Each structure stands twice: as C-alpha cells, then as structure tokens.
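The block underneath contains the structure these notes are about, expressed in structure tokens.
The values are calculated or read from the model by the stated rules, or taken from the named source; none is laboratory data. A quick note: this is a predicted structure, and the numbers were derived from the prediction, not measured. Please note: Cβ atoms are built from the backbone with ideal geometry, for glycine as well, and neighbour counts cover all protein chains shown.
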Amino acid sequence: MSLAHRGVRSGRSVGRFRVATPPRLYRPGRYVRRRPVITKDLLRVSRRGGYRPQFVAGDPDARRLAARVVGVYQGHVGERRSDLDDALEALEREADDYKLVRGLAALLDREATFETRAPLPPRRARRVAFEAAETVGAASAEERATVLDRAGDRLGVDPSEIDSSLYADRDANRVLAAFDPRWDPEELLVQYDLSLAQTALFDATEVRVRSTDPKALVSAAKRLGLLYEIRVREDGGPTDREVVITGPDALFRRTRRYGTAFARLLRTVAATADEWTLAADIDDRGREYLLELDDGDVSVPGVEPLAEPAFDSGVEADFAARFRALDLDWDLTREPEPLRVGASVMIPDFAFEYRHADFRVFFEVMGFWTPEYVEKKLAQLADVEDVELVVAVDESLGVGEEIAARDHRVVTYSGTVRVKDVVDVLREYEADLAAEVAADLPAEVAPEADAVAVADVAAEHGVPTDALDDVEFPEHRRVGSTLVRPAVLDRVGDEIEAGMAFAEAEDALADAGVTDASAALSALGYRVEWDGLSGGTVREKSP
C-alpha cells in the first residue's frame, strides 16, 4: 500500500509520491463550509404549462424528510465528513427525489462547522513523509512502514501520528465539530423554497415585479447594477407600478453576475413587501418559459433583506458627502418619491428640499451608459412636467442642449459633479423663496430669552437667518450671531477687564448665553491679542 491516497488532488511529483495540493478551502483549524446553496443541477421545476419550481413548504412528507436530514447532521457531530456524506447518500436512496435531500443538505451545510483534527499539521506531516520516501520508496506495505518510521523519528513522534495526520485536512476527513441550524424543519422548507426560486432566476432575461414597496425594489435593482424602468398599469394587483428589470442580453453578453443579482433581488422583494407578484422570462437552454411567483409562494424566514450600500455610483456618493458638508438651507434626500412620466414613472437620484418652505427641486445625475439608455432617459426627461428638475450630465454624452431644450436646468461634469455649479442653481431659487417667506415676518420681534442665537429665532419663524436682517429687535442688541439684552451685556461686561485670559472671558460670556465671544468683546470695547498656540489675552481697543 502506498502513501498516495485515493482521491487526493493532483500536484507535483516527489519520488514515487504525488504531493497533494491543499483543498481549495483548506486553512488550519475550524471553518464553516460555504458551498453554493442550491446549484442548478439540484433545481426542481415543472415545465408543464410554464416554468414552476416544485415548492415543498407545508408538505407533511417533505417536513418529515427535512427533520430526518437535520437529524443526520445532528447525529454526526464529532464524525468525519465522509461518514456524514454516506449517511446522506443512504437517505437519498430512500427518498422519492434525491435532489430534494441534496438541496436541504446544501442549506444545512452552511450551518455546519468542520475542523481538521490531527496530531500534527497535515502539511508538515506530508512534507516530512515525502522527503523520507525519496530515499526509501513506498511501493509495498513494508516500505511504507519504513517511511513512516523515519518520518516519526525525524519529528520525534510515533509513526501512527504521522499516518493519521497525512490527509486529515482533506474534505472527506474533516470532522463535523458543530452544527447549530437557524431553522427548524418547517422553516428549513421555507428557506428551501426561497433558494429554489432564486436558482430558477439564474437564467432569467427579464423580471417584472409589482410590489407594495416599489421604492425599496428600485433601490435594490440599482444597487445590484440591474437595468430597470417603471411602467404604470391599470389592471389591478399590489400596485399600479410595475418595475421591469432587464438582464444583460439586450445590451451586453450574458453573465452569471446578472443571474445572481436577480436571485438577490427576489430576497429583497420577499423580505420588504407585504404583497408582490413577479413574472420572469426564463431562457432554459434556448427555450423560453414564463416563471410567475407571488407572496404566497416564497418568504424570508427570519433573515434580513439584502444589505445595500447607500449609493449606486461613486459620483453620487461623492456629491452627497460634499453637499451635506456645506450645511445649506437645503436638505438632500436620496431617491425621493417617483415622478409620473407619461405611462411610466422615474425615480430621480436626489431631491433638494428647502427648509423654510414647501418647495422641492429634483436632481438627476446622468452618467455615461449605452446609447439605448441615453435615449430612454431623454424620453423620460421630455415627459416630466410640473416639477423643478436639475440634471447633471456627463459632458461626454453631448446631450446638455437637448435636455435644456426640455426646460430643465443643466450642469455638465467630468469625473465628479461640481457642487458649486449645483449650489449656484439653488441660490437662484433661494432668492425668490427667501423673499416669499420673509414677507410674512413682523417688522419687530421680541424674543423672551435674555440671550438667544439668531439662528434659533430664524428657525422658530421658519425663515433663513438672512431674512432677519431687516427685522427690528427693540429689546435686544444684535451681537454677531447672538441677540442679547443690553442690560445683560453690560452686566457681563463688568466681569471682563483688560489683561484677563480670553478663555476666562469666553466662559463668562457663555454663562450669560452669549456664544459669539469675539463679537461680544468687540461690542464691549475689547480685542483679543493672540499668543501663538498658548491662547489669547483680552486688550482694550485702541482709540
């Protein structure tokens, strides 16, 4: 008997041995097995009258089978993977459909933790044994024993420890160390149905979804890099908006990434919407089928929906971060409510909401895509009416004039959207808006507090701070960004004298509610003399 083990992966030759290439998922210690959930070879569908996955949730026989599969895993904790596989194969032979057993096992494998158990690190044991075999050979049982003896002498261990360590890291020899499933047998069937439907979507070329939460659906489609459009239908259903998500066939070559994205999209739909319907065109080896699903077919058993990044492009993320850092009188909203566009709808990338009036400006970032995308987007922009819309256009598209001709504001960009260009447009709206909100302000305002920030007074009246420039404050004096009663300012002025530290003067002003210390000191006839990083000293102003 040689040291070469049946089924060892091929690798380089050393003497009369074949050095095993480490298993692809090998790493020392414990690991959780992560093979695909349900592969296409385990897909169970009926093609009679459509394309229908063979769901099992609620089936008593399937529940009993699921319980037995769970029991096999639980009963093999502490045993080798090969023993577990043998028990599952025996169960497959008893079941009506071996694919169902394998599919359930594939799900449970994700809940199992395996580990390599050996007296010595397997790689080290193999290296030393193979080196010994170069001089001895191992064509017979006697030669093999000699090799193990020499390897044991070299490492100072019993030859049996070398023997038991040689291939302990092979997948079949790893030990099921722990098994802690998230689902009971009934929940396992629910998860199986979801996974089965996801696998069926791997071959989808177009998916059409109607959901009570279309906004979450569109957000997920964009995050997953899928092309989509929204159509309005009047034939009943969970909603009158149908989101049509297109695969790559129309524009690009088909890739597995899109099929995976469709599958992830289904999880989001099932997890976020109370009611939904889905129809998908399936390309099954050149023949087209229709797959139809709804909220009664699949659900998500206690699993969070798709975790999504905040933005679907770096251009948008960069713009949002820089705009929000300015702290303007506009709140930036990501993906506001859909806009009606003829017989369909579109969801702009952003909306700017003016804080002091019920006014909104929508903002769309139009980056480079395919000619078909550009034409569709131009058609949408042509049909958007009765809204204020600003479009940032990648200058490489050369369509800025066409968009402007549709009465939308346009800013062009290359690489990143210039925030200043967008702010300049908003300032034009702001000038008119500020005048409108200021028209309702009284000529005089008398705050109750002895000292109050101008910004707080503006917020109370729902106006920008600039709108208070023409308002009289008969009981207060405006000191920088603070309104303060003269008596309070005089009282705190008595506590301040030339030569004291600025920090001490600043504390005295803060106790009186005056936060703009520099402006208050100036009003009291003082200046601050700064001494590098050590602080400042209060000095009298020069006459």
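What to note about this one:
- Test: V37 is assigned by TED's automatic domain parsing to the domain that holds R110, surrounded by 15 or more Cβ atoms within 10 Å (Cβ to Cβ) and at pLDDT below 90: yes
- Leading residue by the ranking (nearest to I162 (Cα to Cα)) among those in segment 113-129 that are within 48 Å of the chain's Cα centre (by Cα) and either of a type in the set (F, W, Y) or in a helix (DSSP H, G or I) (or both): A125
- D516 more than 21 Å from V457 (Cβ to Cβ) and either surrounded by fewer than 15 Cβ atoms within 10 Å (Cβ to Cβ) or in contact with a Ser or Thr (Cβ under 9 Å, 6 or more places away or on another chain) (or both): no
- Condition met for D507 (within 49 Å of the chain's Cα centre (by Cα), surrounded by fewer than 18 Cβ atoms within 10 Å (Cβ to Cβ) and modelled with pLDDT of 85 or more): yes
- Scanning segment 202-218 for residues that are out of contact with any Leu (no Cβ under 6 Å at 6 or more places or on another chain) and either assigned to a helix (DSSP H, G or I) or among the β-branched types (V, I, T) (or both) gives F202, D203, T205, V207, T212, P214, K215, A216, L217, V218.
- Residues that are in a helix (DSSP H, G or I) and farther than 28 Å from L433 by Cα, drawn from segment 447-493: P486, A487, V488, L489, D490, R491, V492, G493
- Candidates V463, V419, filtered to the one that is in the same structural domain as M366 (by TED's automatic domain parsing), buried (at least 16 other Cβ atoms within 10 Å of the Cβ) and touching a residue at least 60 places away in the same chain (Cβ under 8 Å): V419
- Scanning segment 493-535 for residues that are touching a residue at least 12 places away in the same chain (Cβ under 8 Å), under 17 Å from A453 (Cα atoms) and of a type in the set (A, V, I, L, M, F, W, C) yields A508, L509, A512, V514, A517, A519, A520, L521, A523.
- Some residue of segment 190-204 being modelled with pLDDT under 85 and not assigned by TED's automatic domain parsing to the domain that holds D41: no
- Within segment 44-95, the set of residues being part of a loop (DSSP other than H, G, I, E, B), in contact (Cβ under 8 Å) with a residue 12 or more places away in the chain, surrounded by fewer than 17 Cβ atoms within 10 Å (Cβ to Cβ) and on the phi < 0 side of the Ramachandran plot comprises R47, Q54, D59, V77, E79.
- Cross-chain or 6+ apart pairs with Cβ under 9 Å, segment 178-191 first and among the charged types (D, E, K, R), then in a strand (DSSP E or B): D180/A112; D180/T113
- Hits in segment 125-157 - residues which are among the charged types (D, E, K, R) and over 21 Å from R80 (Cβ atoms): R127, E131, E134, E142, E143, R144, D149, R150, D153, R154
- All positions within segment 328-342 that are assigned to a strand (DSSP E or B) and more than 15 Å from F359 (Cβ to Cβ): R334, L339, R340, V341
- Being outside any loop (DSSP other than H, G, I, E, B) and touching a residue at least 12 places away in the same chain (Cβ under 8 Å) is a description that applies to R102.
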